[in-house]
Amino acid sequence: LRAGLAVGVAAAVGVLILTADVDVVVLGGGLTALGDRMLADVTAQLAANAAASPFLRSLRLDERVELLPAGSPAAALGAALIGAARDPEEVLTHG
C-alpha cells in the first residue's frame with residue numbers, strides 16, 4: 001500500500017514540477033504522519049523514474065521534494081495567506 005502511495009505522490013510531484021516549474025514541492029497534510037519513510041519512498045520513486053530518462057534526470061525531481069513536520073497547520077496557513085491577498089472589497093461583495 002505504501003509503495004503504491006509513493007508511486008502516486010511521485011507522479012503528482014512530477015506533474016506539478018513539469019507544469020508549474022516550481023523549485024520545491026512541499027508535502028503536507030496526512031502525508032506528514034507517514035514521516036521520513038514516505039519521503040524516502042517518494043524520492044526513491046522519483047530517482048527510479050529519472051534513471052530511464054536523461055530529461056527527467058536533469059530536473060533533479062528527487063532533490064526538490066520536502067516534507068512538512070507532522071502536525072503543521074499548512075491548510076490553515078495557506079487559507080490565511082490566500083485570504084490576506086484578496087481585496088477586502090471583493091470579499092465583502094462576492095463572499
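The values are calculated or read from the model by the stated rules, or taken from the named source; none is laboratory data. Because the structure is a prediction, the values reported are computed rather than measured. Neighbour counts run over all protein chains shown; Cβ positions are idealised from the backbone, glycine included. Ligands, DNA and RNA are excluded from the accessible area calculation, which covers all protein heavy atoms including side chains. Shrake-Rupley method; radii C 1.70, N 1.55, O 1.52, S 1.80 Å.
Key figures for this structure:
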| item | result |
| --- | --- |
| Percent carbon-and-sulfur accessible area, the chain, ignoring ligands, DNA and RNA, probe 1.4 Å | 64 percent |
| Sequence-distant residues sharing a close amide H with Val25 (under 5 Å, placed H) | Val65, Glu66 |
| For the chain: relative contact order, % (alpha-carbon pairs under 8 angstrom, 6 or more apart) | 33 percent |
| FRET efficiency estimate (nearest 0.05) - Cβ-Cβ, Ala70 to Val15, R0 25 angstrom | 0.50 |
| Region 1-62 - charge dipole about Cα centre, Lys and Arg +1 at Cβ, Asp and Glu -1, debye rounded to 20 | 140 debye |
| Extension gain from Asp36 to Ala85, taking 0.36 nm per residue of separation minus the Cα-Cα distance | 14.4 nm |
| Gain in span if fully extended, Ser58 to Leu1, counting 0.36 nm per residue against the direct Cα distance | 17.6 nm |
| Rh (Kirkwood; distinct C-alpha pairs) - the chain, Å | 14.9 Å |
| Helix-only mean residue ellipticity at 222 nm for the chain, each DSSP H run of n ≥ 4 adding -39500 (n - 2.57), per residue, nearest 500 | -20000 deg cm²/dmol |
